[in-house]
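Q: Here's a structure for you.
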Amino acid sequence: MKFKNLCLILVLLYAISSCNSKWDNYKATQADKMTQNNLIRSWKINQLVGPEGGDKFFLNQSQSIWGNFIEFKSNGTFVSWYSADCGNDCFTTNLGKYQIINVHYIRLIITKSSQDGECEKFEKSFNRDLGLYQISNVAHGIDLIKFDE
């Protein structure tokens, strides 16, 4: 009888811990989806996300149509580009992929860089992993800060 009670208690403890684990995974998945949903849009950015990487990217919602921008798309890709009010400039566009690791981190990978306008024109393909960036929600928008792996 004691053995049956012990087995029953063990089975119940396992079931409870399994449910908690599934709930924690569900909560983490929901938080990751919220992070991705917050990123999916066009942002004004302090510098282009390009093959050379960067230590800090400051994203904000701006009504300006000139300057550096990044757009995160729902399919896991992004485009980062420069625009100016006149055509007498050098225009760079970088394409890449991103992966939301969790609510705190994102991985950025550059796949293509091109340049045209009043400068040397080029188009280069890459698979350059820029590494992990910590995601910080701040008053002006979102900061992506390079994380040393």
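The values are calculated or read from the model by the stated rules, or taken from the named source; none is laboratory data. In this text the structure is predicted, and so the values were computed from the model without any measurement. In this analysis, Cβ positions are derived from the backbone assuming ideal geometry, glycine residues included, and neighbour counts consider all displayed protein chains. Surface accessibility is based on the protein's heavy atoms, side chains included, excluding ligands, DNA and RNA. Shrake-Rupley method; radii C 1.70, N 1.55, O 1.52, S 1.80 Å.
Q: If we keep just the residues of the range 68-90 that are under 25 Å from residue 145 (Cβ atoms) and among the charged types (D, E, K, R), which is most open to solvent (accessible area, probe 1.4 Å)?
A: Here the answer is 73.
Q: Filter the range 62-113 for residues that are hydrophobic (A, V, I, L, M, F, W, C) and within 19 Å of residue 131 (Cα to Cα) and give the result.
A: Within the range 62-113, the first condition is being hydrophobic (A, V, I, L, M, F, W, C), and the residues that meet it are 65-66, 69-70, 72, 78-79, 81, 84, 86, 90-91, 95, 100-101, 103, 106, 108-110.
Within the range 62-113, 70, 72, 78, 79, 95, 100, 101, 103, 106, 108, 109, 110 qualify.
Q: Further, regarding this structure: Working only within the range 109-148, note down all residues that are among the acidic types (Asp, Glu), surrounded by 15 or more Cβ atoms within 10 Å (Cβ to Cβ) and closer than 17 Å to residue 91 by Cβ.
A: Hits for the range 109-148: nothing passes.
Q: What residue, among those in the range 43-67 that are in contact (Cβ under 8 Å) with a residue 40 or more places away in the chain and open to solvent by 70 Å² or more (accessible area, probe 1.4 Å), is farthest from residue 109 (Cα to Cα)?
A: 61
Q: If you don't mind, there's one more thing I want to ask. I'd like to check something: does the range 86-95 contain any residue that is in contact with a Cys (Cβ under 6 Å, 6 or more places away or on another chain), among the small types (Gly, Ala, Ser) and modelled with pLDDT under 95? First the steps, then the outcome.
A: Kept after step one, since they are in contact with a Cys (Cβ under 6 Å, 6 or more places away or on another chain), are these residues of the range 86-95: 90.
From what is left, the residues that are among the small types (Gly, Ala, Ser) are none.
Within the range 86-95, not a single residue is in contact with a Cys (Cβ under 6 Å, 6 or more places away or on another chain), among the small types (Gly, Ala, Ser) and modelled with pLDDT under 95.
Q: Related question: Just to be sure before I move on: is residue 101 modelled with pLDDT under 95, more than 14 Å from residue 49 (Cβ to Cβ) and surrounded by 13 or more Cβ atoms within 10 Å (Cβ to Cβ) in the structure I sent?
A: Working: modelled with pLDDT under 95: yes; more than 14 Å from residue 49 (Cβ to Cβ): yes; surrounded by 13 or more Cβ atoms within 10 Å (Cβ to Cβ): yes.
Yes.
Q: For the range 63-108, how many residues are more than 10 Å from the chain's Cα centre (by Cα) and assigned to a strand (DSSP E or B)?
A: So the count comes out to 17.
Q: Which ones in the range 121-146 are of a type outside the set (A, V, I, L, M) and within 13 Å of the chain's Cα centre (by Cα)? So that I can check it myself, show each step before the final result.
A: Start the filter on the range 121-146 by keeping residues that are of a type outside the set (A, V, I, L, M), which leaves 121-129, 131, 133-134, 136-137, 140-141, 143, 146.
Scanning the range 121-146 gives 129, 131, 133, 134, 136, 137, 143, 146.
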